[in-house]
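**Student:** Quick one: this structure, given as structure tokens, is what I'll be asking you about.
The values are calculated or read from the model by the stated rules, or taken from the named source; none is laboratory data. Fair warning: this is a prediction, and the values are worked out from it, not measured in the lab. Using ideal geometry, Cβ is built from the backbone for each residue, glycine included, and neighbour counts are taken over all protein chains shown.
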Amino acid sequence: MVERLIDDTELVARVHDMRADGKSYVQIKAELKVGASTISRILGVYGKGRARPRVTDALRGQARTLRADGRSVPEIAAELGMAKSTVWLITKDIPWTAEPRSSGSRSEVAFAYWRKKKAATEAEREQITSGIMESFGELTDRELLIAGAVAYWAEGTKSKPWNPRERLTFTNSDPDMIRLYLRWLSLLGVDQARLKYRVNIHESADVPAAETFWADVAGVAVERFDRATLKRHNPTTVRKNTGETYRGCLVVTVAKSAPEYRMMDGLWSAVAGVVRSRR
């Protein structure tokens, strides 16, 4: 690869011309996209060390001015296309402290970039979601049966060989997942009277407000709720799920639900079987 580059007449000529004009290795590498060893081979100085290019008085002055303004050596080197070692030699006699605003300015630029990127991402997400919702249509009973079974298999309590309990218990913090589960139970013919509701939440949260919220989601009176399960608050743990919007999870249990559990298990097994067969 190196030999091919060295044989490139145009590349060789450009390297020699740029070096004759006082360009540094950094500048040549950036413009021609070649490595330092390739440049040295073209110049015939490979293994002999590099002759430092002449730094013009104007460039020297710019570097010293930037250094006096509090700019760092890497920043000056990047802006002027010089090697960091050259910048340091030119400016080493100048007392330097970091420019007070430089860090903040970089932070502000970075923040502005990510804020713009986040806004673009949100706009794209909204466009995709809106397009899907407009063309989605209604769920058929069959689709709802499948969606509910998959959701339960992912989030619900399942029977284990060491704990063979066939009872539907679904816990989630997403109101729409709870709505899907309740709609699925209705499709299975489960009577509302068989449902038990309970909030699972940290003890430091507003429990009555959370129960009122989940009662509204479930479409039942808050009096239907069993006593909330409170998680002990650990002050040393840095939790993100705090504040007025934190409402814990809703636990929905179906009494005497072995038949419905087996229906869920059968639906999931059918879905999994189809997926396996399509490999």
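**Student:** Go through the residues of the range 98-120 one by one and say whether even a single one is in contact (Cβ under 8 Å) with a residue 40 or more places away in the chain and in a helix (DSSP H, G or I).
**Tutor:** First pass over the range 98-120, keeping only residues in contact (Cβ under 8 Å) with a residue 40 or more places away in the chain: none.
Checked the range 98-120: no residue is in contact (Cβ under 8 Å) with a residue 40 or more places away in the chain and in a helix (DSSP H, G or I).
**Student:** Ile201 passes all but one of (1) out of contact with any Cys (no Cβ under 9 Å at 6 or more places or on another chain); (2) free of Cβ contacts under 8 Å to residues at least 60 places away in the same chain; (3) buried (at least 18 other Cβ atoms within 10 Å of the Cβ); which number fails?
**Tutor:** So Ile201 meets the others, but not (1).
**Student:** Could you tell me whether Ala149 is more than 30 Å from Gly273 (Cα to Cα) and either surrounded by 13 or more Cβ atoms within 10 Å (Cβ to Cβ) or touching a residue at least 24 places away in the same chain (Cβ under 8 Å) (or both)?
**Tutor:** Details: more than 30 Å from Gly273 (Cα to Cα): no; either surrounded by 13 or more Cβ atoms within 10 Å (Cβ to Cβ) or touching a residue at least 24 places away in the same chain (Cβ under 8 Å) (or both): yes.
It is false that Ala149 is more than 30 Å from Gly273 (Cα to Cα) and either surrounded by 13 or more Cβ atoms within 10 Å (Cβ to Cβ) or touching a residue at least 24 places away in the same chain (Cβ under 8 Å) (or both).
**Student:** Looking only at residues in the range 240-255 that are modelled with pLDDT under 95 and either among the hydroxyl-bearing types (Ser, Thr, Tyr) or surrounded by fewer than 12 Cβ atoms within 10 Å (Cβ to Cβ) (or both), which one is nearest to Arg165 (Cα to Cα)?
**Tutor:** Step one: filter the range 240-255 for residues modelled with pLDDT under 95, giving 240-248.
Then drop every residue that is not either among the hydroxyl-bearing types (Ser, Thr, Tyr) or surrounded by fewer than 12 Cβ atoms within 10 Å (Cβ to Cβ) (or both), which leaves 240, 242-246.
Numbers: Lys240: 33, Thr242: 33, Gly243: 36, Glu244: 36, Thr245: 34, Tyr246: 31 Å.
That would be Tyr246.
**Student:** Suppose we filter the range 180-203 for residues that are of a type in the set (S, T, N, Q) and either within 29 Å of the chain's Cα centre (by Cα) or modelled with pLDDT of 95 or more (or both); how many remain? Talk me through it step by step, then tell me what you get.
**Tutor:** First, the residues of the range 180-203 that are of a type in the set (S, T, N, Q): 186, 192, 200.
Of the ones still in play, those that are also either within 29 Å of the chain's Cα centre (by Cα) or modelled with pLDDT of 95 or more (or both) are 186, 200.
Going through the range 180-203 one residue at a time, the tally reaches 2.
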